[in-house]
Number of protein chains: 2
Amino acid sequence: MTPDFASLVGAGNVLTGADMAPYLVEERGLYHGSALAVVRPGSTTEVAAVVKACAEAGIAVVPQGGNTGLCGGGVPEGRAVVVSTERLTRIRAIDPINLTLTAEAGCVLTNLQAAAEEQDCLFPLSLGAEGSCRIGGNVSTNAGGVNVLRYGNARELVLGLEMVLPDGRIWDGLRALRKNNTGYDLKHLFIGAEGTLGIVTACVLKLFPRPREIETAMVALPDPAAALSILAAARTASGDAVTACELIPRIGVELCLAHVPGARDPFGQAYPWLLLLELSSSRPGGLRQALEGVLEVALEGGHALDAVLAESGEQRKAFWRIREGIPEGQKKEGGSIKHDVAVPTSRVPEMLERCTAAVEAAMPGVRVCAFGHLGDGNIHFNLTQPIGADKQAFLDRWAEMNKLVHDIVADMGGTLQV
Amino acid sequence: MTPDFASLVGAGNVLTGADMAPYLVEERGLYHGSALAVVRPGSTTEVAAVVKACAEAGIAVVPQGGNTGLCGGGVPEGRAVVVSTERLTRIRAIDPINLTLTAEAGCVLTNLQAAAEEQDCLFPLSLGAEGSCRIGGNVSTNAGGVNVLRYGNARELVLGLEMVLPDGRIWDGLRALRKNNTGYDLKHLFIGAEGTLGIVTACVLKLFPRPREIETAMVALPDPAAALSILAAARTASGDAVTACELIPRIGVELCLAHVPGARDPFGQAYPWLLLLELSSSRPGGLRQALEGVLEVALEGGHALDAVLAESGEQRKAFWRIREGIPEGQKKEGGSIKHDVAVPTSRVPEMLERCTAAVEAAMPGVRVCAFGHLGDGNIHFNLTQPIGADKQAFLDRWAEMNKLVHDIVADMGGTLQV
C-alpha cells in the first residue's frame, strides 16, 4: 500500500498522474520513468517522515533536485517515489568571517552564488546548469564545472552535511568547521553517492574572497603538450590563480563558426589548437602583467603560436562562447558519440594521441572533437560523425567506440566521469 | 600461536624483547605498551602478508609510522603486533606537471617537502614533528599543521591511496586524478581512521607552485575579535594568500620570554594579544604592499594597536619563535591542562570568553593560555597552573577542566581535535 504522503507533507505537495510528467524524464528525453507519486517535503523533518514511510512500505525513493542530470540517475522506475527537494530553498546561515554558507538542498546554484556575492564573497562552483540545478544534487553527484582547477569539485567545497538516511533517520553532520577529526568522515561517503546512501537535505559550503581582477587569454598552440607548459608557468606566475584552462581543437572552432550564432575566431589564422586561460584573484593588480609575461615566454619558446588577451567583458564572453558553443556546434553537425574521461593532467597529450589513433583506425573519417578542462585532466573526448555518414548507423557504434576509448583511459590510470 | 613473521619479512625485520622498546612508548612516556613483536615489512605485499597472518591468528595489528603521536594511538597493548612502515620509504613518482607526488607510507614528511622543492614545487603539509613523522601517519590521522588555512588538512592533500585492509587484501586507490567520481569515495573513509580500517601503504599527494614571496607580520591587538577583521581583509587583499594566522595571548609571550632562550618581544609594550600573520605566493611582488595596506587600515580603525613586518628571514624566525615557544614556556612554568578545540572561526572570540570565564570561576588563579590557528578556528585552550599551586593537585583536575571547556565547545557547534 502507498503511504499517506498527503498527511506528511500536505495534499498540495503530493503529485500524481499527469502532474508528475516533468519529474519522470531528463531534459534530453533519453530516459523515461514512472513513479507512484512525486512528494515535495518542506523541511528536513518532512523528508525524514516520507523516507521512513517509504522504507516501511518497501517503496524505492529517488531523490531529485533540479532534475538537470543527463545520466538518468534522477529518473524513477518501478515501485518508486520521487522525493523532490525543490521546496527546501532556505539559506539557513551565511558567515562571511567564517567564510561559510549553510544552504538547504533545494537552493538553486545561481542563488547561492548571488548570496555569496552579496557578502562580497565567492561561492566558486559553476557549471552549465547553474540556473536550475540544485545544491543537493551538486553535492550528491560531486559536481565539477569550470573552476575545479583552483577550487576543487563540489566535494572540496563542503564542510558539513545534513542527511536523511534510508530508514528515515536524520544524520546531523552540519558543522561549519575547518578542522574536524572526530570519528570516521562519513560526509565524504555521502558526497558523490548519488543519493544511494541517503538524501542530502542541507550543507555547509566554503566561501572564498571575491575576485577583483579577472584576466582571460586565448592562446594558439602547436599541440596539446604546449598547453601543459603554459599552464604550469601560469600557475606559478599568478600565485596559483589559474581558474580555467580549457583546451579547444580546431574542429571545435570550426563547428562553432558554422553553427553558433555570433561565434568568431579570435585569430585570423586556422591554428590547430587553442587554449582558453583564465586567471582570477581577489588581490587587485598584477595579474595581467603576470599573464603577459607567461605568454611572452611561451611565444618565444614556440609553445604559443599567437595569443590575445581580453580587453573587455565582451571580448571575454566571446572567448568563452567558442568554448561553450562546441556541444551545440557538434549537435548541429550530426551525430556525436561522447566520452567524459579524466587522466593525470600530464598524460592528456598521450591520451589524446592514443585514443584518436584508435577511433580513426576503427572508423575512417570520424572527426575527433576533444575539448575541455585540461587543467583537471578532464577531457570531453567526443566524436562527430564522418561527413556524409548516416547518423543512426554512426550512433549504433556508440558502445564499440566507448570501449576503445575507455580501455585506453583505464590503461593510463584514468577514469570516466559519470 | 604467533605467525612466522621472519618467513614473511626476513628475520632481521622482526624485533622482539628489548629491541621493541622504542616502539612501545610515545615520546612523552605517558603511554607504555606491550607487543608480541615489531614487524617491519619492506613492501606493500609484505604488509599484506603480515596483516593476513595476524588476521588468521587473531592477533591485533597496530600500525606505526614515526611514532610521533601524543594520544597513544600508535602504542600497542595486549596480544598485538606493531607493523612499522619505516622501511616503506620510496618515492614512487613525482610529476611536476600533474602536480603530484606518489609516496610510500614510511616517507618522513621533511623528505617529501624536499623532494617537492627539488621540482620547484611545494608540498604544504608542515607541522612540529615533520622531521620524524611519516606520511602514512599524517594521512591516517588527517594531520593539520600551520598551513591548513590555505592548503587544507592532510585529507585535502591526498588524491589517491593504497591500503592494506584488515584481512590482508590490498585496496588500490592510487590514482593521480583531480576528478574521479567512480563509486563511493572510500579513500576519505580511510583518511583519518587512525589505522582502524587498514594500513596506508602509499598515497598520491597534491603539490603546488613553490612560493616566491613570503611576508610575515606581527600585529598587536586589543582583543581576538580584531584579529578576525584583519584576517578577512588580508585574505581578500592578498588573493587568498594568507598561509598562517596564529593568535598569541600576552601570557604566551611572557612564558616565552621567561623560559625560551633567545625569545624577544617584538614590541616595546605589553599588548594584550598578538597576531602572527604570514602571506605567501608563487607570484612574486605585491604581497608586501598588500599586507602593508591591510595593516594601515587596521591601525587607523583601531583593530591593530601596532604592527611590525619581518625585514629578514631572521626576523621572521624570531616571530615564529614566540609562537612555537609557547608550549615549552608552559611546560617550564609548571603543570598545564590542555584542550585542542575547534569552532567556526567567527566564533573564536566568544569561545575564548566563555571558556575563560568557566575555568576561572571553577579554579581561581588559573592562567588561561589560549593560542593557535585562529584562521582554522582551532585553538589550543591551555591552562597553566595558578602561581604557587601544587602541580599534581592542579593536574588532578584535568578531567573536570576538560569537561567545562569541551561542553562549551560542543554547545557552539565545535569539536575536539584528537
Exercise for review: Could you grab me the full set of residues in the stretch A:356-369 that are in contact (Cβ under 8 Å) with a residue 60 or more places away in the chain and open to solvent by 40 Å² or more (accessible area, probe 1.4 Å)?
Suggested key: A:Arg367
Practice item. Please specify each residue of the stretch B:300-330 satisfying the condition of being touching a residue at least 12 places away in the same chain (Cβ under 8 Å) and among the basic types (Lys, Arg). Key: B:Arg316, B:Arg321, B:Arg323
Check your understanding: Among the residues of the stretch A:83-106, how many are small (Gly, Ala, Ser), away from chain B (no Cβ under 14 Å) and more than 11 Å from A:Gly65 (Cβ to Cβ)?
Key -> 1
Exercise for review: Provide a single number: the residues in the stretch B:242-259 that are away from chain A (no Cβ under 13 Å), over 14 Å from B:Trp273 (Cα atoms) and in contact with a Lys or Arg (Cβ under 7 Å, 6 or more places away or on another chain).
Suggested key: 1
Practice item. Check the stretch A:217-225 and report whether any residue there is surrounded by fewer than 24 Cβ atoms within 10 Å (Cβ to Cβ) and under 21 Å from the mean Cα position of the chain (by Cα). Key: no
Practice item. Starting from residues that are modelled with pLDDT of 95 or more and acidic (Asp, Glu), keep the ones in the stretch B:235-281 and report whichever is farthest from B:Arg367 (Cα to Cα). Key: B:Glu278
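How many residues are open to solvent by less than 10 Å² (accessible area, probe 1.4 Å) and either among the β-branched types (Val, Ile, Thr) or touching a Cys at 6+ places or on another chain (Cβ under 9 Å) (or both) when one looks only at the stretch B:232-243?
Residues of the stretch B:232-243 open to solvent by less than 10 Å² (accessible area, probe 1.4 Å): B:234, B:238, B:241-243.
Narrowing the set further to residues that are either among the β-branched types (Val, Ile, Thr) or touching a Cys at 6+ places or on another chain (Cβ under 9 Å) (or both) leaves B:234, B:242-243.
Counting residues in the stretch B:232-243 that are open to solvent by less than 10 Å² (accessible area, probe 1.4 Å) and either among the β-branched types (Val, Ile, Thr) or touching a Cys at 6+ places or on another chain (Cβ under 9 Å) (or both) gives 3.
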Point to revise | Boolean, A:Phe267 is in contact (Cβ under 8 Å) with a residue 40 or more places away in the chain, more than 12 Å from every other protein chain (Cβ to nearest Cβ) and either open to solvent by 10 Å² or more (accessible area, probe 1.4 Å) or within 24 Å of the chain's Cα centre (by Cα) (or both) | key: yes
Exercise for review: Determine if the stretch B:75-82 includes at least one residue that is of a type in the set (Lys, Arg), more than 24 Å from B:Met20 (Cα to Cα) and more than 20 Å from the chain's Cα centre (by Cα).
Suggested key: no
Study note, to complete from the structure: Residues in the stretch A:26-52 that are touching a Phe, Trp or Tyr at 6+ places or on another chain (Cβ under 7 Å) and farther than 11 Å from A:Val82 by Cβ total 0
Practice item. Output the residue which, of all residues in the stretch A:173-190 that are more than 7 Å from every other protein chain (Cβ to nearest Cβ) and at pLDDT 95 or above, is farthest from B:Leu197 (Cα to Cα). Key: A:Leu174
Practice item. Can you tell me which residue within the stretch A:370-408, out of those that are over 20 Å from the mean Cα position of the chain (by Cα) and of a type in the set (Val, Ile, Thr), is surrounded by the most Cβ atoms within 10 Å (Cβ to Cβ)? Key: A:Val405
Point to revise | Count - residues of the stretch A:192-241 that are more than 10 Å from chain B (Cβ to nearest Cβ) and more than 25 Å from A:Glu104 (Cα to Cα) | key: 14
Check your understanding: Can you find a residue in the stretch B:101-118 that is surrounded by fewer than 24 Cβ atoms within 10 Å (Cβ to Cβ) and touching a Pro at 6+ places or on another chain (Cβ under 7 Å)?
Key -> no
Review point. Can you name the condition, by its number, that A:Glu246 falls short on among (1) of a type in the set (D, E, K, R); (2) within 25 Å of the chain's Cα centre (by Cα); (3) open to solvent by 10 Å² or more (accessible area, probe 1.4 Å)?
Key: (3)
Exercise for review: Just name the residue that is farthest from A:Ala241 (Cα to Cα) out of those in the stretch B:136-148 that are crowded, with 24+ Cβ neighbours inside 10 Å and facing chain A (nearest Cβ under 8 Å).
Suggested key: B:Thr141
**Study point:** Subset tally (residues that are facing chain A (nearest Cβ under 10 Å) and either open to solvent by 20 Å² or more (accessible area, probe 1.4 Å) or at positive phi (or both)) for the stretch B:152-172
**Key:** 3
Exercise for review: Test A:Leu291 against the criterion of being hydrophobic (A, V, I, L, M, F, W, C), within 14 Å of chain B (Cβ to nearest Cβ), surrounded by 16 or more Cβ atoms within 10 Å (Cβ to Cβ) and touching an Asp or Glu at 6+ places or on another chain (Cβ under 7 Å), and give yes or no.
Suggested key: yes
Review point. Any residue in the stretch B:348-366 that is basic (Lys, Arg), away from every other protein chain (no Cβ under 14 Å) and within 19 Å of the chain's Cα centre (by Cα)?
Key: no
Exercise for review: Please identify the pairs in which a residue from the stretch A:32-58 that is in contact (Cβ under 8 Å) with a residue 60 or more places away in the chain has its Cβ atom under 8 Å from the Cβ atom of a residue that is among the polar types (S, T, N, Q) and in a loop (DSSP other than H, G, I, E, B), counting only partners at least 6 apart or on another chain.
Suggested key: A:Val47/A:Thr85
Review point. Condition test on B:Ser336, is it in contact (Cβ under 8 Å) with a residue 12 or more places away in the chain and within 12 Å of chain A (Cβ to nearest Cβ)?
Key: no
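The values are calculated or read from the model by the stated rules, or taken from the named source; none is laboratory data. Keep in mind that what you see is a predicted model, and the values were worked out from it rather than measured. When we count neighbours, we look across all protein chains shown, and the Cβ atoms used for this are built from the backbone with ideal geometry, even at glycine. SASA here: full protein model, heavy atoms, side chains in, ligands and nucleic acids out. Shrake-Rupley method; radii C 1.70, N 1.55, O 1.52, S 1.80 Å.
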